[in-house]
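Here is the structure we will look at, set down as structure tokens.
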Amino acid sequence: MAQVNCETLPAGQARTDCYIGLSRIHRQKSEISGGVAQHHAETAVYRKLTGKRPNKKRRRLVPAS
């Protein structure tokens, strides 16, 4: 991954846009991490209540011919 350094840009609209873009990227990464953490928490609760792991893959039923 490339490292972005907004400070190398001259002051003005381009630098502001750079910081706005970085802010949006970091917010999205944070939301993804939060979703993953929530999923892990829900899986742990399910495992604690039922004593078994949830199915990771759902099997599709093939209609009988």
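The values are calculated or read from the model by the stated rules, or taken from the named source; none is laboratory data. Everything quoted here is computed from the prediction, not taken from an experiment. Virtual Cβ from ideal backbone geometry, glycine too; neighbours counted across all protein chains shown. The accessibility values were calculated without ligands, DNA or RNA, using every heavy atom of the protein model including side chains. Shrake-Rupley method; radii C 1.70, N 1.55, O 1.52, S 1.80 Å.
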Determine the equivalent ellipsoid of region 15-61 by diagonalising the alpha-carbon gyration tensor, then write out the semi-axes as square roots of 5 times the eigenvalues, largest first, rounded to whole Å.
37, 14, 4
Run the accessible area of the chain with a 1.4 Å probe and give the carbon-and-sulfur part as a rounded percent.
55 percent
Loop by DSSP (not H, G, I, E, B), at most 11 other beta-carbon atoms within 10 Å: where is the longest site-free stretch of the chain for trypsin sites (Lys or Arg not before Pro)?
1-51
Report, to the nearest 10°, how far helix 13-50 tilts away from the longest principal axis of the Cα atoms in the chain, using its own Cα long axis and a range of 0 to 90°.
20 degrees
Suppose every Lys and Arg Cβ carries +1 and every Asp and Glu Cβ carries -1, with no other charges. What dipole size does the chain come out with about its Cα centre, to the nearest 20 debye?
840 debye
Given R₀ = 30 Å, what would the calculated FRET efficiency be for Thr43 paired with Leu22, taking r from the Cβ atoms and rounding to 0.05?
0.40
Starting from the Cα-Cα distance between Ser33 and Cys6, subtract it from 0.36 nm times their residue separation and give me the gain in nm to one decimal.
7.3 nm
